[in-house]
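The values are calculated or read from the model by the stated rules, or taken from the named source; none is laboratory data. From a predicted model like this one, the values you see are computed outputs, not experimental measurements. Glycine also receives a Cβ, built like all others from the backbone with ideal geometry; neighbour counts cover every protein chain displayed. Note: areas computed on protein heavy atoms with side chains; ligands, DNA, RNA excluded. Shrake-Rupley method; radii C 1.70, N 1.55, O 1.52, S 1.80 Å.
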Amino acid sequence: MSSSDEETLSERSCRSERSCRSERSYRSERSGSLSPCPPGDTLPWNLPLHEQKKRKSQDSVLDPAERAVVRVADERDRVQKKTFTKWVNKHLMKVRKHINDLYEDLRDGHNLISLLEVLSGIKLPREKGRMRFHRLQNVQIALDFLKQRQVKLVNIRNDDITDGNPKLTLGLIWTIILHFQISDIYISGESGDMSAKEKLLLWTQKVTAGYTGVKCTNFSSCWSDGKMFNALIHRYRPDLVDMERVQVQSNRENLEQAFEVAERLGVTRLLDAEDVDVPSPDEKSVITYVSSIYDAFPKVPEGGEGISATEVDSRWQEYQSRVDSLIPWIRQHTILMSDKSFPQNPVELK
């Protein structure tokens, strides 16, 4: 046998051994504490943590286009993790709980159960032990509760959450947000087959109709300059936002202003300006925040038309003028009524 043939056989043997090791590693890890991807799925975000570190230490094996996809996916996940963590804490604070890491702090199922209890108002059972078995049981209790409420959980298992799988943990929280926060949105004029996202988009379009330089066609690029957020707030509280100033401010200034004002009105700051001041902000994060604004502001009654964007400021001035007149009248008549003596007999009183 020639030396070249020996090298070929050697290479085949090495490839075969690597394949066997990969398969054994996959099977053993599926039964252990990790939740890796099947052999062949080599995108970095699907690799176990130790493999991700190994990949980063090597020269990239991806071509430039693939690296760009990885960067976009990583940035999207980073922003979603931050937004969803703040959203979870907004509700957990009602039971004096707090999480720091979305992937780690939901693994034992306790915080997940507490979140569902707050959102639903229903007390759920839970396992008190600390072993992996108890963690899996607690997560399963949460998943079963969601299934009972007809929430679709696609490819999400209890071990995925217990093992801290980033993608599926984000997917689970997004599913919970859709069910408990966004699905209840009702907009006059909506069609029966509209999704929750489409309803929220329709509400945003109606509320911001007529504002100069503001047009909402999506929950990503349309929100980068911050004008949309300010228009939403101005429609309900024109005393807090100067739309002429918004037109000349920078994106970052508009975003900071909107988030600060909304926070004073009770809307938790789920987004950071630097994460939105990009060409295409993360859609799910923007939807989560906008739905929080929807919850915070009053709704136009059924059959009501509301007022146009051009009328908001004039109506507000009219309202303030009437209040200024009403307050002295109330004070005057309070004094008049306090000096009167009323009969005790209801008939005479009437």
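When you restrict to C-alpha pairs under 8 Å that are six or more residues apart and normalise by the size of segment 127-273, the relative contact order lands at 11 percent. For the residue pairs Lys199/Lys227; Lys82/Lys167; Lys82/Lys284, the C-alpha atoms sit more than 18 angstrom apart in Lys199/Lys227. If R0 is 25 Å, the Cβ-Cβ spacing of Ile330 and Lys94 corresponds to a FRET efficiency of close to 0.10. Along the Cα→Cβ direction, 7 angstrom out, place labels at Ser195 and Arg149. What is the inter-label distance in nm? Distance between label points: 2.0 nm. Accessible-area rank, largest first, for Val286, Val248, Val69: Val248, Val69, Val286, with all protein chains present and a 1.4 angstrom probe.
Less than 12 Å Cβ to Cβ from Phe259, Lys/Arg counted +1 and Asp/Glu -1: what total charge do the surrounding residues give? Combined, the nearby Lys, Arg, Asp and Glu give -4. The trypsin sites (Lys or Arg not before Pro) of segment 119-172 that DSSP puts in a loop, and whose beta carbon has at most 13 other beta carbons within 10 Å, are Lys123, Lys128, Arg130, Arg149, Lys152.
Here Lys350 is the anchor, and the lysines within straight C-alpha reach of less than 29 Å, apart from those fewer than 8 places off in the same chain, are Lys340. The residues neighbouring His110, those whose beta-carbon lies less than 11 Å from its own, together hold a net charge of +2 under the Lys/Arg +1, Asp/Glu -1 convention. A Förster radius of 35 Å combined with the Cβ-Cβ distance from Glu283 to Phe133 puts the calculated FRET efficiency at roughly 0.40. Sparsely packed loop sites in segment 148-192 (the chymotrypsin sites (Phe, Trp or Tyr not before Pro) outside DSSP H, G, I, E and B with at most 12 other Cβ atoms within 10 Å) comprise Tyr186.
Annotation note: GluC sites (Glu not before Pro) in segment 116-200 located in DSSP loop regions with a Cβ neighbour count of at most 15 within 10 Å are Glu190.
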